[in-house]
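Notes to accompany the following structure.
The values are calculated or read from the model by the stated rules, or taken from the named source; none is laboratory data. On a predicted model such as this, the values are computed, not experimentally measured, just so you know. Note: ideal-geometry Cβ built from the backbone for every residue, glycine included; neighbour counts use all protein chains shown. We work out accessible area using only protein heavy atoms, side chains counted, and drop any ligands, DNA or RNA first. Shrake-Rupley method; radii C 1.70, N 1.55, O 1.52, S 1.80 Å.
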Amino acid sequence: MSEIGRNIESLRGEIPAGVRIVAVSKFHPVERLMEAYDAGQRIFGENRAQELVTKVGQMPRDTEWHFIGKLQKNKVRSIVPHVSLIHSIDSESLLRLVAAEALTAGRVVDVLLQVHVAQEETKSGFDARELLELAHSGRIENVPGVRICGLMAMASFVDDERQISAEFARVRGIYEQLRAGCFAGHDEFCELSMGMSGDWRLAVEQGSTMVRIGTSIFGRREY
């Protein structure tokens, strides 16, 4: 088994059943993705539209592609035919654009709403109050062309585990409010995408159902 395969096997031994691993494959060549695929990994996360589209044609057809980065509006059309899940919907206008492109493509795209709880201003997402107000308005409860399946968030890039855990707990709290509110009865609203190589354990403790792991699988990125 390759080193990448051993890394995946090790992660599977630690990550609880029911929590899915998204292998963050951005900047890594297809040969390395295939090592992960051969070890049973099927979900891959990309954050550049063109790179995702290129890799789609080079990987097996049962590969599941997630878009995890900031999505530029002029790139939506190119990825909509290929993605299983978009993690990074950070505005109502982007949500509606994805929905329109999905309808044009004759499909429904699963999406997550990105919440901004980190200290870094460079990270994107809905402000918590903004998202709750939007949800309560009823404008995003049923949008043809998309299925809102939950929330995504990134914690602050700090060493303070208490702060990281508190940020993940805040996202879980928002998720629970939405699940009990405007998304009550929507069984598809069941995902929390939180946690990366350095903090996934804290994220899982706070209810993450999906962890985005890059370095711990592939090692340092190849630029």
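Anything in region 164-177 that is without any contact (Cβ under 8 Å) to a residue 40 or more places away in the chain, open to solvent by 20 Å² or more (accessible area, probe 1.4 Å) and not acidic (Asp, Glu)? List them, or say none. Reasoning before the result, please.
Pass one, region 164-177, residues without any contact (Cβ under 8 Å) to a residue 40 or more places away in the chain: 164, 166, 169, 172-173, 175-176.
Okay, now just the ones that are also open to solvent by 20 Å² or more (accessible area, probe 1.4 Å), so 166, 169, 172-173, 175-176.
Once the filter is applied, which keeps residues that are without any contact (Cβ under 8 Å) to a residue 40 or more places away in the chain, open to solvent by 20 Å² or more (accessible area, probe 1.4 Å) and not acidic (Asp, Glu), region 164-177 yields 166, 169, 172, 173, 175.
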Residue satisfying condition, being out of contact with any strand residue (DSSP E or B) (no Cβ under 9 Å at 6 or more places or on another chain) and closer than 23 Å to residue 194 by Cα, within set 60, 16: 16
Residue check, residue 178 at pLDDT below 95, under 16 Å from residue 114 (Cα atoms) and outside any loop (DSSP other than H, G, I, E, B): no
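Every residue in region 106-143 that is small (Gly, Ala, Ser), assigned to a loop (DSSP other than H, G, I, E, B) and over 19 Å from the mean Cα position of the chain (by Cα), please. Steps first, please.
So the first thing to find is which residues in region 106-143 are small (Gly, Ala, Ser), and the list is 106, 118, 124-125, 128, 135, 137-138.
Next cut, assigned to a loop (DSSP other than H, G, I, E, B) only: 106, 118, 124-125, 138.
Scanning region 106-143 gives 106, 138.
Looking for something assigned to a helix (DSSP H, G or I), over 27 Å from residue 7 (Cβ atoms) and of a type in the set (Lys, Arg) - is there at least one such residue anywhere in region 185-202?
There is no residue in region 185-202 that is assigned to a helix (DSSP H, G or I), over 27 Å from residue 7 (Cβ atoms) and of a type in the set (Lys, Arg).
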Members of region 11-54 that are within 12 Å of residue 83 (Cα to Cα) and open to solvent by less than 20 Å² (accessible area, probe 1.4 Å): 43, 44, 45, 46, 49, 52
Residue ID - farthest from residue 104 (Cα to Cα), chosen from residues in region 72-83 that are open to solvent by 90 Å² or more (accessible area, probe 1.4 Å) and touching a residue at least 24 places away in the same chain (Cβ under 8 Å): 73
Checked 5, 69 against criteria (touching a His at 6+ places or on another chain (Cβ under 9 Å) and either among the β-branched types (Val, Ile, Thr) or open to solvent by less than 40 Å² (accessible area, probe 1.4 Å) (or both)); the one match is 69
Flag if residue 157 is closer than 27 Å to residue 11 by Cα, in a loop (DSSP other than H, G, I, E, B) and open to solvent by 10 Å² or more (accessible area, probe 1.4 Å): yes
Which listed residue, of 152, 196, is modelled with pLDDT of 95 or more and open to solvent by less than 30 Å² (accessible area, probe 1.4 Å): 152
